[in-house]
1. Across the stretch 188-222, which residue is modelled with the highest pLDDT among those that are touching an Asp or Glu at 6+ places or on another chain (Cβ under 7 Å) and basic (K, R)?
2. For the stretch 98-112, name all the residues that are part of a loop (DSSP other than H, G, I, E, B) and not polar (S, T, N, Q).
3. Which residues, taken from the stretch 64-77, are surrounded by fewer than 20 Cβ atoms within 10 Å (Cβ to Cβ) and either under 16 Å from the mean Cα position of the chain (by Cα) or assigned to a loop (DSSP other than H, G, I, E, B) (or both)?
4. Just name the residue that is least open to solvent (accessible area, probe 1.4 Å) out of those in the stretch 176-222 that are more than 17 Å from E165 (Cα to Cα) and of a type in the set (D, E, K, R).
5. Does T205 satisfy the condition of being hydroxyl-bearing (S, T, Y) and under 24 Å from L65 (Cα atoms)?
6. Looking only at the stretch 147-169, filter to residues that are touching a residue at least 40 places away in the same chain (Cβ under 8 Å), hydrophobic (A, V, I, L, M, F, W, C) and surrounded by 14 or more Cβ atoms within 10 Å (Cβ to Cβ); which one of those is nearest to E80 (Cα to Cα)?
7. Answer yes if at least one residue in the stretch 127-140 is open to solvent by 10 Å² or more (accessible area, probe 1.4 Å) and among the aliphatic types (A, V, I, L, M), and no otherwise.
8. Can you say whether D121 is surrounded by fewer than 21 Cβ atoms within 10 Å (Cβ to Cβ) and either modelled with pLDDT under 95 or more than 16 Å from the chain's Cα centre (by Cα) (or both), as far as the supplied structure shows?
Amino acid sequence: PSLPPDLKSVRKDDRDSGKARPVPLSLTLSFCTANIASMYNGSWGHAGKTEYLRQQFLSMRLLFLGIQESRTPETFSAAENVLRIGSGHAHGGLYGVELWANLNVPYGRLGHRELYFKRADFQVLHRDPRALLVRVDTDFVHFALLVGYAPQSGLSVDVRSDWWESLQTIASLKAPDEQLFVLIDANADPGSRDDIVVHQDGFKTIANTHLFRNFLSVHGLTLPATCSIHDGTTTTWRSPNGMHEHCI
């Protein structure tokens, strides 16, 4: 019988050339949080406010926006490729929090390939009129986003303490290996510097501060606005008479 053809010898370099080589992955995540005092188009709201906010969000090319006091019904919708997840307001139309995700902006690059979030990447783990926890899960990133609206310091200490304890439980619904980002109107100043959570002096301590700080410490969180890398004012609320400023 005829012998089989001679096999061509293969060098080691030739065998290895078909293997995948490491490709650099770069991530760029951006977050914004805002108490907007209602998007409801009624006695509290203003017509066109949702569209106005969306155009601001798009023009700034932010990835995520956490909204407090939306006072809107529960929603899971998209417009102009902006995903909008709303927890729904409470009885009487109060509260309500939302998470917006910009699907037009890449969250990273894998070599020359741009990576974008899709609607299927988001899973709601909890929602109520004051808190919304959403898991973000792709092939490259896994984290959780918590949007919250804390009770103001004029309420009883029992009401405030119970809410912060419930937020601890909600935040714990994420997987242990998922990073947590919190977009919150905490109704609490950061308090004194400890170089772990707060990184600069000059921040006030008010009635809700210890509740806020305990939550941040339990979940290993820090406040970027208190770091030296922060640029600009840290004032987020000013009293009507202009006499008092707070970072809440």
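1. R193
2. Start the filter on the stretch 98-112 by keeping residues that are part of a loop (DSSP other than H, G, I, E, B), which leaves 103-107, 111-112.
L103, V105, P106, Y107, G111, H112, listed by residue number.
3. P73, E74
4. D189
5. Details: hydroxyl-bearing (S, T, Y): yes; under 24 Å from L65 (Cα atoms): no.
It is false that T205 is hydroxyl-bearing (S, T, Y) and under 24 Å from L65 (Cα atoms).
6. V147
7. No - not one qualifying residue is present in the stretch 127-140.
8. It is false that D121 is surrounded by fewer than 21 Cβ atoms within 10 Å (Cβ to Cβ) and either modelled with pLDDT under 95 or more than 16 Å from the chain's Cα centre (by Cα) (or both).
The values are calculated or read from the model by the stated rules, or taken from the named source; none is laboratory data. In this text, all values refer to a predicted model and were calculated from it rather than measured experimentally. Cβ: placed from backbone, ideal geometry, glycine included. Neighbour counts: every protein chain shown. Side chains are part of the model used for accessible areas, which takes the heavy atoms of the whole protein and leaves out ligands, DNA and RNA. Shrake-Rupley method; radii C 1.70, N 1.55, O 1.52, S 1.80 Å.
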